[in-house]
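Everything on this sheet refers to the single structure shown next.
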Amino acid sequence: MTAAHRSTARRTKLTAGAVVCGALAMGASSLPTSGAVPQPPPAAASTLASPSSSIQTPAATAPAAEARPAAADPARRAAVVAAPPARAALAKAAAVKAAAAVKAAAVRAAAVRAAALKAAAVARVHHSRVFVAGDSLTVHAKAPLAAQLRGRTARVVIAAQIGRYTSTGVRSLNTTAAKRSRVWVVALGTNDGASPARTRAYVRQVMARAGKSRWVIWVNVHRRGYSSVNSALRQLDRAYDRLVVIDWDNLVKRHPNWLRRDGVHTTTYGARMRAQVISKRVLTLAAKI
(Lines give C-alpha, C1' and ligand atoms only; values in the text may rest on other atoms or scores of the structure.)
Protein backbone atom coordinates (compact mmCIF):
# COMPACT_ATOMS: atom_id res chain seq x y z
CA MET A 1 0.00 0.00 0.00
CA THR A 2 1.35 3.40 -0.86
CA ALA A 3 1.70 6.17 1.58
CA ALA A 4 -1.23 7.96 0.05
CA HIS A 5 -3.42 4.91 0.53
CA ARG A 6 -2.35 4.55 4.14
CA SER A 7 -3.07 8.17 4.83
CA THR A 8 -6.57 7.86 3.36
CA ALA A 9 -7.36 4.68 5.37
CA ARG A 10 -6.22 6.35 8.58
CA ARG A 11 -8.46 9.36 7.97
CA THR A 12 -11.40 7.06 7.26
CA LYS A 13 -10.84 5.08 10.48
CA LEU A 14 -10.64 8.27 12.52
CA THR A 15 -13.80 9.55 10.96
CA ALA A 16 -15.64 6.31 11.75
CA GLY A 17 -14.39 6.41 15.37
CA ALA A 18 -15.65 9.93 15.75
CA VAL A 19 -19.05 8.93 14.43
CA VAL A 20 -19.23 6.03 16.89
CA CYS A 21 -18.25 8.23 19.81
CA GLY A 22 -20.83 10.80 18.81
CA ALA A 23 -23.51 8.16 18.61
CA LEU A 24 -22.59 6.82 22.02
CA ALA A 25 -22.65 10.28 23.46
CA MET A 26 -26.09 10.94 21.99
CA GLY A 27 -27.44 7.62 23.36
CA ALA A 28 -26.12 8.36 26.82
CA SER A 29 -27.80 11.72 26.91
CA SER A 30 -31.21 10.12 26.08
CA LEU A 31 -31.09 7.75 29.07
CA PRO A 32 -33.08 8.84 32.20
CA THR A 33 -31.22 10.23 35.09
CA SER A 34 -31.59 8.70 38.57
CA GLY A 35 -35.16 9.19 39.96
CA ALA A 36 -36.60 10.57 36.71
CA VAL A 37 -39.85 9.13 35.29
CA PRO A 38 -39.54 8.09 31.67
CA GLN A 39 -41.72 10.02 29.30
CA PRO A 40 -43.49 8.30 26.44
CA PRO A 41 -42.44 9.23 22.98
CA PRO A 42 -44.58 11.71 21.07
CA ALA A 43 -46.09 8.98 18.96
CA ALA A 44 -47.28 7.14 22.08
CA ALA A 45 -48.73 10.36 23.53
CA SER A 46 -50.61 11.06 20.37
CA THR A 47 -51.88 7.51 20.39
CA LEU A 48 -53.35 7.88 23.97
CA ALA A 49 -55.04 11.12 22.96
CA SER A 50 -56.65 9.59 19.90
CA PRO A 51 -60.46 8.81 19.83
CA SER A 52 -59.78 5.13 20.18
CA SER A 53 -58.53 5.79 23.70
CA SER A 54 -62.17 6.57 24.79
CA ILE A 55 -63.00 2.85 24.53
CA GLN A 56 -62.59 1.54 28.07
CA THR A 57 -61.71 -1.98 28.95
CA PRO A 58 -63.91 -4.01 31.38
CA ALA A 59 -61.39 -3.34 34.07
CA ALA A 60 -61.95 0.43 33.63
CA THR A 61 -65.78 0.12 34.02
CA ALA A 62 -65.60 -2.08 37.11
CA PRO A 63 -66.33 -0.37 40.46
CA ALA A 64 -63.38 0.74 42.46
CA ALA A 65 -64.17 -1.63 45.29
CA GLU A 66 -64.20 -5.29 44.47
CA ALA A 67 -67.72 -6.82 44.78
CA ARG A 68 -68.18 -8.86 47.94
CA PRO A 69 -69.85 -12.29 47.98
CA ALA A 70 -73.64 -12.41 48.72
CA ALA A 71 -73.00 -14.12 52.02
CA ALA A 72 -70.66 -11.29 53.12
CA ASP A 73 -73.31 -8.58 52.42
CA PRO A 74 -75.57 -8.24 55.53
CA ALA A 75 -78.53 -6.83 53.56
CA ARG A 76 -78.42 -9.58 50.96
CA ARG A 77 -77.91 -12.21 53.65
CA ALA A 78 -81.02 -10.91 55.47
CA ALA A 79 -83.00 -11.07 52.22
CA VAL A 80 -81.92 -14.64 51.65
CA VAL A 81 -82.87 -15.62 55.21
CA ALA A 82 -86.25 -13.84 54.97
CA ALA A 83 -87.17 -15.35 51.60
CA PRO A 84 -88.49 -18.75 52.88
CA PRO A 85 -90.80 -17.19 55.55
CA ALA A 86 -92.10 -14.74 52.97
CA ARG A 87 -92.91 -17.58 50.59
CA ALA A 88 -94.60 -19.50 53.40
CA ALA A 89 -96.73 -16.45 54.28
CA LEU A 90 -97.76 -16.06 50.66
CA ALA A 91 -98.66 -19.74 50.43
CA LYS A 92 -100.68 -19.51 53.64
CA ALA A 93 -102.54 -16.44 52.40
CA ALA A 94 -103.32 -18.19 49.13
CA ALA A 95 -104.63 -21.23 51.02
CA VAL A 96 -106.84 -19.05 53.22
CA LYS A 97 -108.19 -17.25 50.18
CA ALA A 98 -108.93 -20.54 48.43
CA ALA A 99 -110.70 -21.88 51.53
CA ALA A 100 -112.79 -18.70 51.73
CA ALA A 101 -113.74 -19.09 48.07
CA VAL A 102 -114.80 -22.69 48.64
CA LYS A 103 -116.83 -21.67 51.68
CA ALA A 104 -118.54 -18.87 49.77
CA ALA A 105 -119.38 -21.27 46.96
CA ALA A 106 -120.86 -23.72 49.48
CA VAL A 107 -122.96 -20.94 51.04
CA ARG A 108 -124.26 -19.93 47.62
CA ALA A 109 -125.08 -23.53 46.78
CA ALA A 110 -126.88 -23.96 50.10
CA ALA A 111 -128.88 -20.80 49.46
CA VAL A 112 -129.87 -22.10 46.03
CA ARG A 113 -130.95 -25.43 47.51
CA ALA A 114 -132.90 -23.69 50.27
CA ALA A 115 -134.66 -21.49 47.74
CA ALA A 116 -135.54 -24.54 45.65
CA LEU A 117 -136.87 -26.38 48.69
CA LYS A 118 -138.89 -23.36 49.74
CA ALA A 119 -140.36 -22.99 46.26
CA ALA A 120 -141.30 -26.66 46.25
CA ALA A 121 -142.87 -26.34 49.71
CA VAL A 122 -144.88 -23.30 48.63
CA ALA A 123 -146.09 -25.21 45.61
CA ARG A 124 -147.16 -28.14 47.80
CA VAL A 125 -149.02 -25.82 50.16
CA HIS A 126 -150.68 -24.04 47.26
CA HIS A 127 -152.02 -27.35 45.95
CA SER A 128 -153.13 -28.64 49.36
CA ARG A 129 -156.76 -28.91 50.46
CA VAL A 130 -157.69 -28.40 54.10
CA PHE A 131 -160.72 -29.72 56.02
CA VAL A 132 -161.64 -28.41 59.49
CA ALA A 133 -164.14 -30.11 61.83
CA GLY A 134 -165.06 -28.09 64.90
CA ASP A 135 -167.55 -26.84 67.45
CA SER A 136 -168.53 -23.35 68.64
CA LEU A 137 -164.94 -22.26 69.14
CA THR A 138 -164.30 -22.99 65.46
CA VAL A 139 -167.50 -21.16 64.50
CA HIS A 140 -166.13 -18.03 66.18
CA ALA A 141 -162.75 -18.41 64.43
CA LYS A 142 -164.17 -19.43 61.04
CA ALA A 143 -163.86 -16.07 59.25
CA PRO A 144 -160.24 -15.26 60.25
CA LEU A 145 -159.18 -18.88 59.70
CA ALA A 146 -160.63 -18.93 56.18
CA ALA A 147 -159.03 -15.55 55.42
CA GLN A 148 -155.59 -16.77 56.50
CA LEU A 149 -155.75 -20.01 54.49
CA ARG A 150 -157.59 -19.06 51.33
CA GLY A 151 -155.29 -17.98 48.55
CA ARG A 152 -152.43 -19.85 50.17
CA THR A 153 -153.97 -23.30 49.87
CA ALA A 154 -156.02 -24.86 47.10
CA ARG A 155 -159.24 -25.05 49.12
CA VAL A 156 -160.44 -24.72 52.71
CA VAL A 157 -163.64 -26.35 53.99
CA ILE A 158 -164.72 -25.54 57.55
CA ALA A 159 -167.46 -27.77 58.94
CA ALA A 160 -168.30 -26.35 62.38
CA GLN A 161 -171.45 -26.18 64.52
CA ILE A 162 -172.27 -24.79 67.93
CA GLY A 163 -172.67 -27.50 70.56
CA ARG A 164 -171.19 -30.25 68.36
CA TYR A 165 -169.86 -33.39 70.02
CA THR A 166 -166.76 -35.20 68.93
CA SER A 167 -168.75 -38.27 67.87
CA THR A 168 -170.72 -36.14 65.40
CA GLY A 169 -167.78 -34.10 64.22
CA VAL A 170 -165.55 -37.02 63.26
CA ARG A 171 -168.30 -38.37 61.00
CA SER A 172 -167.84 -35.30 58.80
CA LEU A 173 -164.45 -36.71 57.85
CA ASN A 174 -166.28 -39.22 55.67
CA THR A 175 -167.49 -36.47 53.32
CA THR A 176 -166.11 -35.95 49.82
CA ALA A 177 -164.53 -32.63 50.82
CA ALA A 178 -162.67 -34.30 53.67
CA LYS A 179 -161.52 -37.23 51.53
CA ARG A 180 -160.05 -34.81 48.98
CA SER A 181 -158.13 -32.90 51.62
CA ARG A 182 -154.58 -33.70 52.68
CA VAL A 183 -154.72 -31.85 56.01
CA TRP A 184 -157.42 -32.46 58.62
CA VAL A 185 -158.03 -30.21 61.61
CA VAL A 186 -160.07 -31.66 64.48
CA ALA A 187 -161.12 -28.98 66.98
CA LEU A 188 -163.64 -30.90 69.06
CA GLY A 189 -164.11 -32.13 72.61
CA THR A 190 -165.26 -29.01 74.48
CA ASN A 191 -168.84 -30.36 74.69
CA ASP A 192 -167.82 -33.92 75.56
CA GLY A 193 -167.41 -35.33 79.02
CA ALA A 194 -163.84 -35.54 80.25
CA SER A 195 -163.11 -39.11 79.19
CA PRO A 196 -159.54 -40.00 78.24
CA ALA A 197 -160.69 -43.43 77.03
CA ARG A 198 -163.21 -41.99 74.56
CA THR A 199 -160.65 -39.43 73.43
CA ARG A 200 -158.16 -42.19 72.64
CA ALA A 201 -160.81 -44.10 70.73
CA TYR A 202 -161.70 -41.03 68.63
CA VAL A 203 -158.07 -40.32 67.82
CA ARG A 204 -157.39 -43.91 66.74
CA GLN A 205 -160.49 -43.87 64.59
CA VAL A 206 -159.47 -40.63 62.86
CA MET A 207 -155.88 -41.72 62.33
CA ALA A 208 -157.06 -44.98 60.75
CA ARG A 209 -159.12 -42.98 58.25
CA ALA A 210 -156.36 -40.51 57.56
CA GLY A 211 -153.89 -43.18 56.50
CA LYS A 212 -150.23 -42.45 55.84
CA SER A 213 -150.66 -39.61 53.36
CA ARG A 214 -152.52 -37.05 55.52
CA TRP A 215 -151.61 -34.80 58.40
CA VAL A 216 -154.03 -34.59 61.34
CA ILE A 217 -154.03 -31.55 63.62
CA TRP A 218 -155.91 -32.00 66.90
CA VAL A 219 -156.68 -28.99 69.13
CA ASN A 220 -156.86 -29.90 72.81
CA VAL A 221 -159.43 -28.53 75.29
CA HIS A 222 -159.25 -25.71 77.80
CA ARG A 223 -161.81 -26.51 80.40
CA ARG A 224 -161.83 -27.37 84.07
CA GLY A 225 -161.41 -31.08 84.70
CA TYR A 226 -159.99 -31.88 81.22
CA SER A 227 -156.35 -32.29 82.17
CA SER A 228 -156.60 -36.09 81.82
CA VAL A 229 -157.97 -35.67 78.28
CA ASN A 230 -155.14 -33.36 77.32
CA SER A 231 -152.62 -35.77 78.86
CA ALA A 232 -154.02 -38.58 76.71
CA LEU A 233 -153.69 -36.37 73.61
CA ARG A 234 -150.03 -35.68 74.41
CA GLN A 235 -149.35 -39.40 74.63
CA LEU A 236 -151.09 -40.02 71.32
CA ASP A 237 -149.10 -37.19 69.73
CA ARG A 238 -145.92 -39.09 70.51
CA ALA A 239 -147.41 -42.36 69.24
CA TYR A 240 -148.45 -41.15 65.77
CA ASP A 241 -146.01 -39.59 63.33
CA ARG A 242 -148.78 -37.86 61.36
CA LEU A 243 -150.60 -36.46 64.39
CA VAL A 244 -149.83 -32.97 65.73
CA VAL A 245 -151.58 -31.70 68.89
CA ILE A 246 -151.99 -27.95 69.39
CA ASP A 247 -151.78 -27.09 73.09
CA TRP A 248 -154.62 -24.59 73.19
CA ASP A 249 -155.02 -25.15 76.94
CA ASN A 250 -151.52 -23.89 77.68
CA LEU A 251 -151.86 -20.93 75.29
CA VAL A 252 -154.97 -19.50 76.91
CA LYS A 253 -153.50 -20.00 80.36
CA ARG A 254 -150.68 -17.67 79.30
CA HIS A 255 -153.13 -15.33 77.51
CA PRO A 256 -156.33 -15.24 79.59
CA ASN A 257 -157.52 -12.13 77.70
CA TRP A 258 -158.23 -14.40 74.72
CA LEU A 259 -161.26 -15.84 76.55
CA ARG A 260 -164.58 -14.48 77.64
CA ARG A 261 -165.77 -14.51 81.22
CA ASP A 262 -167.01 -18.10 80.91
CA GLY A 263 -163.38 -19.17 80.55
CA VAL A 264 -164.18 -21.34 77.50
CA HIS A 265 -165.26 -19.28 74.50
CA THR A 266 -163.01 -16.75 72.82
CA THR A 267 -163.22 -13.01 72.48
CA THR A 268 -162.98 -11.49 69.02
CA TYR A 269 -159.26 -11.06 69.50
CA GLY A 270 -158.96 -14.58 70.94
CA ALA A 271 -160.74 -16.00 67.90
CA ARG A 272 -158.17 -14.33 65.62
CA MET A 273 -155.35 -15.75 67.71
CA ARG A 274 -156.88 -19.24 67.60
CA ALA A 275 -157.21 -18.96 63.83
CA GLN A 276 -153.61 -17.79 63.54
CA VAL A 277 -152.26 -20.68 65.62
CA ILE A 278 -154.19 -23.23 63.56
CA SER A 279 -153.35 -21.68 60.17
CA LYS A 280 -149.61 -21.55 60.90
CA ARG A 281 -149.57 -25.23 61.79
CA VAL A 282 -151.62 -26.08 58.70
CA LEU A 283 -149.23 -24.25 56.38
CA THR A 284 -146.19 -25.83 58.03
CA LEU A 285 -147.53 -29.36 57.64
CA ALA A 286 -148.91 -28.82 54.15
CA ALA A 287 -145.37 -27.95 53.01
CA LYS A 288 -144.25 -31.42 54.14
CA ILE A 289 -146.78 -33.37 52.13
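Observations on the structure shown:
- Here the condition is being small (Gly, Ala, Ser), modelled with pLDDT of 95 or more and either outside any helix (DSSP H, G or I) or surrounded by 12 or more Cβ atoms within 10 Å (Cβ to Cβ) (or both); of ALA121, ALA178, it holds for ALA178 alone.
- In the set GLY193, GLY189, only one residue is of a type outside the set (Ser, Thr, Tyr), at positive phi and assigned to a loop (DSSP other than H, G, I, E, B); that residue is GLY189.
- Leading residue by the ranking (nearest to THR267 (Cα to Cα)) among those in region 143-174 that are more than 50 Å from the chain's Cα centre (by Cα) and free of Cβ contacts under 8 Å to residues at least 24 places away in the same chain: THR168
- Out of ALA116, ALA208, sole residue that is open to solvent by 70 Å² or more (accessible area, probe 1.4 Å), without any contact (Cβ under 8 Å) to a residue 24 or more places away in the chain, outside any strand (DSSP E or B) and of a type in the set (A, V, I, L, M): ALA208
- Some residue of region 151-166 being among the small types (Gly, Ala, Ser), farther than 22 Å from VAL277 by Cβ and surrounded by fewer than 16 Cβ atoms within 10 Å (Cβ to Cβ): yes
- VAL229 falls short on exactly one of the conditions (1) more than 25 Å from GLY270 (Cβ to Cβ); (2) part of a helix (DSSP H, G or I); (3) touching a residue at least 40 places away in the same chain (Cβ under 8 Å), and that condition is (1).
- Condition met for SER172 (modelled with pLDDT of 90 or more, loosely packed, with under 15 Cβ neighbours inside 10 Å and assigned to a helix (DSSP H, G or I)): no
The values are calculated or read from the model by the stated rules, or taken from the named source; none is laboratory data. Predicted model, so just to flag it, every value in this text is computed and none were measured. So basically every Cβ, Gly included, is an ideal-geometry build from the backbone, and we count neighbours across all protein chains shown. All accessible areas refer to the heavy atoms of the entire protein, side chains included, with ligands and DNA or RNA removed. Shrake-Rupley method; radii C 1.70, N 1.55, O 1.52, S 1.80 Å.
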